[in-house]
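Worksheet for the structure shown next.
The values are calculated or read from the model by the stated rules, or taken from the named source; none is laboratory data. Keep in mind the model is a prediction, meaning the values are calculated, not measured. With ideal geometry, Cβ positions are generated from the backbone for all residues, glycine too; neighbour counts draw on all protein chains shown. Areas reflect the complete protein model, heavy atoms only, side chains present, ligands, DNA and RNA absent. Shrake-Rupley method; radii C 1.70, N 1.55, O 1.52, S 1.80 Å.
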Amino acid sequence: MGVGSKALVELVSRMPETVIWRFARRYIAGLDIQDALNVREELYGLGMLNTMDILGEDVMDTNQIDETFSLYHSLVEKMYASKIPGNISVKLTQLGLKADPDNLESRVRTLAELAGTHNILVRIDMEDATTTSFTLKLYDALRQDLPRIGTVVQAYMKRSKTDVLKLTEKENTNIRICKGIYKESPDIALQKRGEIRDNFMNLLRILLDRNAYPAIATHDPVLVKQSLEEIKRRGLTPDKYEFQMLHGVGFNMRKMLLDGNHPLRIYIPFGSAWRAYSLRRFRENPKLAFYVLKNLISSG
Ligand SMILES: Cc1cc2nc3c(=O)[nH]c(=O)nc-3n(C[C@H](O)[C@H](O)[C@H](O)COP(=O)(O)OP(=O)(O)OC[C@H]3O[C@@H](n4cnc5c(N)ncnc54)[C@H](O)[C@@H]3O)c2cc1C
């Protein structure tokens, strides 16, 4: 991100919540479970699957961790009651990785057991590089007896190929591949767009070669095209893979994928911790920050 863009995002991040919310709401399903269930129902009606995410990360307050845990419980029960299929995505730093690591595994296990009985997959999102080893280790431990669980690898991480080779030594590997969203050092992470794309495709090929289930999470038209070519070349049926996109992003490609009968799952974030998530969206796409400013000036 250039210096100008950085300054712009910084400026927008200091604006009142009401202003940021006007733009953030495109990416956030709402503040509570019912808002998110409504969005999911609408998307399902349009042929899209879903993974539900309660916003929040780096939580240090154990009461808040307990609250999130019980909110996920209610979410799972309501998803089941609604009879619309779906997954949930969780972040380990939201469930106690930093504040209460001793109880983290049992929280994720309990959640995954409940979700599993309702045929809901729990995907453990990947956070910054300090959490990678722990996340993969926990995933590997839980999948021994919990089949409805998955995790994520980031194509910018240099270690990801080794991780994927190791994970796919066992059966029943379910991995979302994404580029990676955190700022990581060049020592451990690829920085060039082309290299990250190449690694993304290599990881996808390894997963497919080794009979794992990939969730192809990108809005990059080049990667979507190359993935579709790979799927076609291998003659894969739609039960062998899925595409994933974020709520509010990638509309043109969604239509193209759905028209081609490719499974597409939308990541639906919601909850009161929407501000940090939205600011990250602005950082990724500084044009949005520009629109916030422009709108503010023209409406004020
Ligand atoms: C379903 C899903 C789950 C993810 N889970 C994780 C995770 O667990 N850990 C992790 O580190 N990262 C995660 N990510 C984020 C991912 O790592 C990338 O940072 C993000 O998807 C942008 O990369 P891209 O492949 O879409 O390509 P880009 O080249 O960055 O984007 C392609 C185009 O899509 C649009 N676009 C992309 N992202 C956004 C956005 N957020 N807002 C507005 N427009 C956008 C832009 O127009 C951009 O030009 C996830 C992404 C998706 C889709």
What one gets for segment 125-187 as the Kirkwood radius, inverse of mean 1/r over different Cα pairs in Å, is 12.1 Å
Note to self: C-alpha centroids of segment 91-127 and segment 18-33 sit apart, in Å, by 25 Å
Surpassing 23 Å at the alpha-carbon level, of the pairs LYS166/LYS192; LYS161/LYS183; LYS158/LYS240; LYS161/LYS240, are LYS166/LYS192; LYS158/LYS240
Rounded to the nearest 500, the 222 nm mean residue ellipticity computed for the chain from DSSP H runs (n ≥ 4, each -39500 (n - 2.57)) alone is -16000 deg cm²/dmol
Per the Kirkwood formula over distinct C-alpha pairs, the hydrodynamic radius of segment 138-251 in angstrom is 14.6 Å
Of every hundred units of 1.4 Å-probe accessible area on segment 85-221, the number belonging to carbon and sulfur atoms, as a percent, is 49 percent
Contact order relative to length for segment 122-215, counting C-alpha pairs under 8 Å separated by 6 or more residues, stands in percent at 31 percent
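Tell me, what is the percent relative contact order of segment 169-256, built from C-alpha pairs under 8 Å that lie six or more residues apart? Show your work: numbers first, answer last.
Working: 72 pairs, mean separation 28.8, N = 88.
Computed value for segment 169-256: 33 percent relative contact order.
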Placing one equal point scatterer on each C-alpha of segment 232-275 and summing with Debye, one gets log10 I(q)/I(0) at q = 0.21 Å⁻¹ equal to -0.74
For the chain, percent of DSSP beta bridges that are antiparallel (nearest 5) comes out at 5 percent
Computed on Cα atoms, the radius of gyration and Dmax of segment 75-156 in angstrom are 12.7, 38
Env charge @ VAL153, Cβ radius under 10 Å, K,R +1 / D,E -1, value +2
Comparing PHE251, PHE200, PHE243 in a Gaussian network model of the chain (Cα, 10 Å), the one with the largest mean-square fluctuation is PHE251
Diffing segment 157-169: the Karplus 3J(HN,Hα) column from phi (6.51, -1.76, 1.60, θ = phi - 60°), in whole Hz with x for Gly and Pro, holds 7, 5, 7, 4, 4, 4, 4, 5, 4, 5, 4, 7, 5
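State in Å² the accessible area per residue of the chain; use a 1.4 Å probe, count heavy atoms of protein chains only, and round to the nearest integer.
On the way: 14480 Å² over 300 residues.
Using a 1.4 Å probe on heavy atoms only, each residue of the chain averages 48 Å².
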Relative contact order as a percentage, segment 6-149, C-alpha pairs under 8 Å and 6+ apart, gives 19 percent
Answer in debye to the nearest 20: the dipole magnitude of the chain about its Cα centre, from +1 Lys/Arg and -1 Asp/Glu charges placed on Cβ, is 1180 debye
Most packed first (mean Cβ within 10 Å per residue), the peptides 64-72, 255-263 order as 64-72, 255-263
Dipole check, the chain, charges on Cβ (K,R +1; D,E -1), about Cα centroid: among PRO101, THR173, GLY235 the Cα furthest to the positive pole belongs to GLY235
Candidates ASN211, ASN202, ASN252; GNM for the chain (alpha-carbon contacts under 10 Å) flags as most fluctuating ASN252
With Cα springs under 10 Å, the Gaussian network model of the chain assigns the largest mean-square fluctuation among LEU228, LEU121, LEU264 to LEU228
In whole angstrom, the spacing between the Cα centers of segment 170-219 and segment 258-286 equals 18 Å
